[in-house]
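We did not get these values from a lab; they are worked out from the coordinates using the rules stated. None of the values given here were measured: they were computed from a predicted structure. Methodologically, a virtual Cβ is constructed for each residue, glycine included, from the backbone with ideal geometry; neighbour enumeration extends over all protein chains shown.
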Amino acid sequence: MTYEAAADIGIGSKASVTRSALLERSAVIDLDAVRHNVRQFVAIASPASVMAVVKADAYGHGAVQVARAALDAGAAWLGVAHISEALALRAAGVDAPLLAWLHTRESNFQAAVAAGVDVGISGWELDAVVAAAREQERPARVHLKVDTGLGRNGCTIEDWDQLVGQAMDYQDQGLLRVVGIFSHLAVADEPHRPETDEQLTVFREAIAMAEDAGVDTEVRHIANTPATLSRPDSHFDLVRVGLGVYGLSPFEGATSADLGLHPAMTVRTLLSNCKKVPEGQGVSYGLNYRTTGESTLGLVPLGYADGVPRIATGGPVRVNGTNYPVVGRIAMDQMVIDLGPMTVEDANALKGAEAVMFGDGADGGPTADDWAAAASTNNYEIVTRISSRVPRSYVNELATGPAAPAGAVDAETAAL
Ligand SMILES: *Cc1c(COP(=O)(O)O)cnc(C)c1O
């Protein structure tokens, strides 16, 4: 992402304000990368369908824009955690099948039924959804969730028969339709672990029990991104892909490129300052870092208020084709890189230079994976926590071609 590319984005009435904010700092989302990734998963999952998981504002990428791009590229479903997230998509005119799975007593089941949002049901929600269906005089669409081992949401296998029976009673009364049966995996990102097999076994049992009780689902689904990539036997009718849509790898030992995925988010800004300093110059709060010789410090105007983890000292920032580790403490608004010795003229020339925190990793540029390592977390958290102080901008918003048919897959991924 270049300075010029960010400037090219069309931005409406508040143009000058918005434009300068985008130039100062932005998370640039490449929707062609999103489409590419979705096409990969459509091919990998086929004949199963793909649900693009766009919860948490599409892992920080922008739910509405990502949803549209994912549907363009062949995703058949969208998934979110909260009903409120689903309603925001409906309000933006997104009318694809859409599932929300995490509720409380305050969740707006009425609005979900009215908007044709499918609701995940682990137990108590069943009566709440049926009450909403009665009120709306419209059958609810539900997916029954079984806990196959994750220990979070989902009905225990002990209570499963009862939940299925109740749901079928309500279906017979025309109050709901059981559209799906689903579960969620705990360790699919560690393909050698045996628990995934155990969860799949329990899932198959739960499906068999439901079928015995007369359930006739459209979709059975359990696979997330890592299971979609590593466990074809987990695909069933539908795979729920989040991380992979954004081009990131769920596996410790594999990069995005290894998986044929294109990271969609670039977080970039401009250096606020660049100055020569003497040997022994302390840097940032605590003075935990001191220059070991005469050097040059670059000031990057991104900090923990922007979603840079405070713990991530050492994370790389790219300036002028070189990655420099952040030195000293990361502050609320800013962090510092040590660019090494240079002339006053060169230091001055770098004032205002573009600084990339992470991007697609092409040409050795920094990645969300690098920042995850620096912060002892995962790449999910790095992209999702880029805060609203960093304006999102979009490139390649319009699809350039038709969605690839299932089976058409890039050579780089075909080898997997
Ligand atoms: C977030 C989530 C997913 C997507 O997981 P990824 O690892 O990002 O693919 C799928 N299913 C459920 C229930 C989730 O909460």
The alpha-carbon center of segment 367-402 and that of segment 118-141 are separated, in whole Å, by 35 Å
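Can you tell me the relative contact order of the chain? Whole percent, Cα pairs under 8 Å, sequence separation 6 or more.
Computed over the chain, the figure is 19 percent.
Work out the length of the dipole vector of the chain about its Cα centre, built from +1 on the beta-carbon of each Lys and Arg and -1 on the beta-carbon of each Asp and Glu, and round it to the nearest 20 debye. Could the numbers behind the result be given before it?
Details: 31 positive and 51 negative charges, 290 e Å.
The calculated dipole for the chain is roughly 1400 debye.
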Enumerate the amide H contacts of LEU176 below 5 Å, restricted to partners 5 or more residues apart or on another chain; note that Pro and chain-start residues carry no placed amide H.
ALA140, GLN171
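Wrap a convex hull around the Cα atoms of the chain, take a quarter of its surface area, and give that in square nanometres. Provide the component values of the computation, followed by the final result.
Values: hull surface 89.1 nm².
With the hull built on Cα positions only, its mean projection is 22.3 nm².
Of the peptides 171-181, 295-305, 217-227, how do they stack up when ordered by the mean number of other Cβ atoms within 10 Å, highest first? Don't skip to the end; give the middle numbers.
Working: 171-181: 18.7, 295-305: 20.6, 217-227: 23.8.
Order by mean packing, descending: 217-227, 295-305, 171-181.
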Taking 0.36 nm per residue of separation between ASP346 and ARG134 and subtracting their Cα-Cα distance, the length gained on full extension comes to 69.2 nm
If each part is reduced to its alpha-carbon centroid, segment 166-226 and segment 278-340 end up apart, in Å, by 48 Å
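Using a/c under 1.5 as the rounded threshold, could you call segment 31-248 rounded, prolate or oblate? The axes a ≥ b ≥ c are square roots of the C-alpha gyration tensor eigenvalues, and prolate needs a/b larger than b/c, oblate otherwise. If you can, show how the numbers build up before the last one.
Working: a/c = 1.88, a/b = 1.14, b/c = 1.64.
The shape class here is oblate.
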Pulled fully out, how much extra length does the chain show between HIS192 and ASP237, if you take 0.36 nm times their separation in residues and subtract their Cα-Cα distance?
13.8 nm
Charge dipole magnitude, Cβ of K and R +1, D and E -1 - segment 265-395, Cα centre, debye nearest 20
400 debye
Long-range amide H partners of VAL283 with built H, under 5 Å
ASN288, TYR289
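Counting Lys and Arg as +1 and Asp and Glu as -1, what is the net charge of the other residues whose Cβ lies under 14 Å from the Cβ of ARG105? Mind showing how you got there, number by number?
Numbers: positive: none; negative: GLU106, GLU125, ASP127.
Taking every Cβ under 14 Å from that of ARG105, the sum is -3.
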Cβ neighbours within 10 Å, averaged per peptide: list 326-336, 371-381 in order, most packed at the top.
326-336, 371-381
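For MET209 and GLU397, calculate 0.36 nm times their separation in residues minus their Cα-Cα distance, and state this gained length in nm to one decimal.
On the way: separation 188, 0.36 × 188 = 67.68 nm, distance 4.48 nm.
Contour length minus Cα-Cα distance gives 63.2 nm.
Grab the beta carbon distance between THR292 and ASP95, set R0 = 56 Å, and tell me the FRET efficiency rounded to 0.05.
Result of the calculation: an efficiency of 0.40.
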Are there any chymotrypsin sites (Phe, Trp or Tyr not before Pro) in segment 106-194 that are in a DSSP loop and have at most 13 other Cβ atoms within 10 Å? List them by number.
TRP124
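Suppose we take every Cα in segment 265-395 and form the convex hull; what volume per residue is that in Å³? All intermediate terms of the calculation are to be shown ahead of the outcome.
Values: hull volume 13.1 nm³, N = 131.
Taking the convex hull of the Cα positions in segment 265-395, it is 100 Å³ per residue.
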